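One structure is given here, and the rest of the page talks about it.
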Amino acid sequence: MPVEETYRTEDIFASREDFYAEISAVDSMIPSLSNYRGRLHEDATVVYECLETLDEIARRASWLVSYSRLRLLTDGGNPEYTTDVARAMDVQSRMLRAASFVKTELCALTPETLQEYIQTEPRLNQFSSLLRQVDLTREHMLGLEAETTLAALSQLRASPSQIYGTATTADMKFEPVLDSQGKQHSVSLMGVMMHTEVSPDTTLRRNAYASMINALKPYRHTLAASLSTHIKANVTVSRLKRYESVFHMMLNESAYGFGSADEVPVSVFDNVLDTFQAKVSPEFQRYAKLRQRVLGLDRLLIADVKAGLDPDYDPSLNLEDVEEWIVEAVETMGPDYVDTVRSAFKNRWIDRADNYGRQGGASCTTVYGLHPFIFSVWTGSMHSAFTLAHELGHAVHGVLNTRHQRFLNTRSSQFLGEAPSCFIPQLLAEHLKSTAPDTRFRRAVLIEEMNTYHHEFVTHLLEAELLRRLYRRAERGEALPEKIITGEKRDILRQFWGDTVEVDDDSGLMWMRQPHYYMGLYPYVYSVGLAAATCAIEIIKEEGEPAKQRWLDMMKAGGSKNALALFKMVGIDMSTPEPLERMCEHVGKVVTELEDTF
């Protein structure tokens, strides 16, 4: 691929030789943690020195993992990249195993003793995320030997996710398809999500959907076994740790060994899923009926639910123009936002190539002490512009977070993590609607807003609903064969769309499109993030500069406070349905405005 379309991983390590030299260096540092083993009860200074040592080792290990994974994202079939990820993960596993005593020994301290340590050694506040985790998980910690064993098995527990990634990038073959004009198009998971499923060409959409389903089918039993293994492993660990349910563990214990968990009650998780499905489903059914009428479709299939609403208007966007649009949209938030956007484009922080072997989805990885790396294919469409804006939101958060927090304190709660990324696309939509040269361009922006809501609310929310159902089944001791997983997904889609969309039997296989099922309960937080971002923009409009500063302060805070407390800094109470309901009302207004344009 042209080098300008790739990100510059040599900013992390100049060469693969440097990467392996750092593996040796980090390996040699890991034994130093044993100097503190059995000593954390001594005094606050010993605890601080131990955490400082761990912070340095964990930071350097994160560089190894980031470098190897960033390269693998661009070419999942490259055996060199696969080998490097395995080596990096092995180092991280050894570090977690060597450091497993830290939380165990801290949990053995009484809450009063730990608080006394913090008062005696104020620098311990630099690790408030980890210390808060101690208070949350104290009663669920196993003995040192058991915790060490779990840490040693961390790489094996990640195997289902790696199996999924290998199957979808290195093994699956997608047959090319024809559009309505007889032109041939290649098909990939990423290409379907970013391009063909939003295409106005009905023949192309439906053919690409069929190609995708046919590519997924041969792997359905293998990947169902992989996902089932992952889910049952989490249920088993939650029982070993004496949690009330697997949901209590996954919402209140960090999945990364050292970092911030969601730290929200299970009732909040259920509230998000229940509120959005009840309130958003009618709006999207109304939107589906509009789509069918506008496109003149006699039947609306699952392959049509993201189809472009204005087929004859498809402006091909210039990347340089999109950069300027995003800069203009974020200027009101100050120089940190503008500088990050400019640097991302200028300094090759973005990998935007669409090559064979590229993994699906888009992501942003911030490398502590360096800069963010954005993985987001560029197709020249409005959709890819908003996706890029989303990842730039993560980038700004990463820059501010790592600039103001120690490494171990940068792990923001997943519950908060998608709010900064949803913020920039919302600002971009507001900007483009206010500066639209004509009604049709404004309509295109409204359509992309709905694409965003569809992706964040519908796609990810229904992923979260599938996770909720599967984990509940697993807790009841039920098996999770492919028939159950696919059947549940199909049932969820039919309940959401009602009689407005024909949900075919094979649509249940769409659970195979996303790696999110291997990331805890992650998918539900997209809805939270979009609701919080929408509310934050409304608050900023009302209050001006003070509200802007609170938003920036929230992003600088990293994992220093739990997510609900961080949202309250901005003036949003995400423990209640109110922000969620406001977001649903906003979606309804956009649907109405779109109806009016037609």
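The values are calculated or read from the model by the stated rules, or taken from the named source; none is laboratory data. Treat the numbers as computed from the prediction; the structure is a model and nothing was measured. Heads up, the Cβs are rebuilt from the backbone with ideal geometry, glycines too, and the neighbour counts pull from every protein chain shown.
Key figures for this structure:
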read-out: Subset tally (residues that are over 27 Å from the mean Cα position of the chain (by Cα), surrounded by 14 or more Cβ atoms within 10 Å (Cβ to Cβ) and of a type outside the set (D, E, K, R)) for segment 24-57; value: 14
read-out: Any pair with Cβ under 6 angstrom, 6 or more apart, that starts in segment 336-347 at a residue that is in contact (Cβ under 8 Å) with a residue 12 or more places away in the chain and ends at one that is among the β-branched types (Val, Ile, Thr) and part of a helix (DSSP H, G or I); value: Tyr337/Val330; Tyr337/Val396; Thr340/Val396; Thr340/Val399; Val341/Ile326; Val341/Val327
read-out: Test for Ser128: is it more than 30 Å from Thr168 (Cα to Cα), part of a helix (DSSP H, G or I) and among the polar types (S, T, N, Q); value: yes
read-out: Residue count, segment 555-595 (criterion: in a loop (DSSP other than H, G, I, E, B), free of Cβ contacts under 8 Å to residues at least 60 places away in the same chain and either in contact with a His (Cβ under 7 Å, 6 or more places away or on another chain) or surrounded by 19 or more Cβ atoms within 10 Å (Cβ to Cβ) (or both)); value: 1
read-out: Filter result for Arg440 (touching a Phe, Trp or Tyr at 6+ places or on another chain (Cβ under 6 Å) and surrounded by fewer than 23 Cβ atoms within 10 Å (Cβ to Cβ)); value: yes
read-out: First in segment 17-31 and more than 11 Å from Trp63 (Cβ to Cβ) and free of Cβ contacts under 8 Å to residues at least 40 places away in the same chain, second anywhere and surrounded by 11 or more Cβ atoms within 10 Å (Cβ to Cβ) and among the charged types (D, E, K, R), Cβ under 7 Å, 6 or more apart; value: none
read-out: Residue match in segment 285-303 (condition: among the acidic types (Asp, Glu) and within 30 Å of Thr202 (Cβ to Cβ)); value: yes
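Residues checked against (1) at pLDDT below 95; (2) among the hydrophobic types (A, V, I, L, M, F, W, C); (3) in a helix (DSSP H, G or I):
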position: Pro315; (1), (2), (3): yes, no, no
position: Glu328; (1), (2), (3): no, no, yes
position: Ile374; (1), (2), (3): no, yes, no
position: Ala389; (1), (2), (3): no, yes, yes
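Okay, residues lined up against (1) crowded, with 20+ Cβ neighbours inside 10 Å; (2) farther than 18 Å from Arg358 by Cα; (3) without any contact (Cβ under 8 Å) to a residue 60 or more places away in the chain; (4) in the same structural domain as Tyr20 (by TED's automatic domain parsing):
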residue: Trp63; (1), (2), (3), (4): no, yes, no, yes
residue: Thr83; (1), (2), (3), (4): no, no, yes, yes
residue: Arg87; (1), (2), (3), (4): no, yes, no, yes
residue: Asp90; (1), (2), (3), (4): no, yes, no, yes
residue: Ser93; (1), (2), (3), (4): yes, yes, no, yes
residue: Ala98; (1), (2), (3), (4): yes, yes, no, yes
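For (1) assigned to a helix (DSSP H, G or I); (2) touching an Asp or Glu at 6+ places or on another chain (Cβ under 6 Å); (3) at pLDDT below 95, each residue gets a yes or a no:
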| residue | (1), (2), (3) |
| --- | --- |
| Leu150 | yes, no, yes |
| Thr169 | yes, no, yes |
| Val187 | no, no, yes |
| Asn207 | yes, no, no |
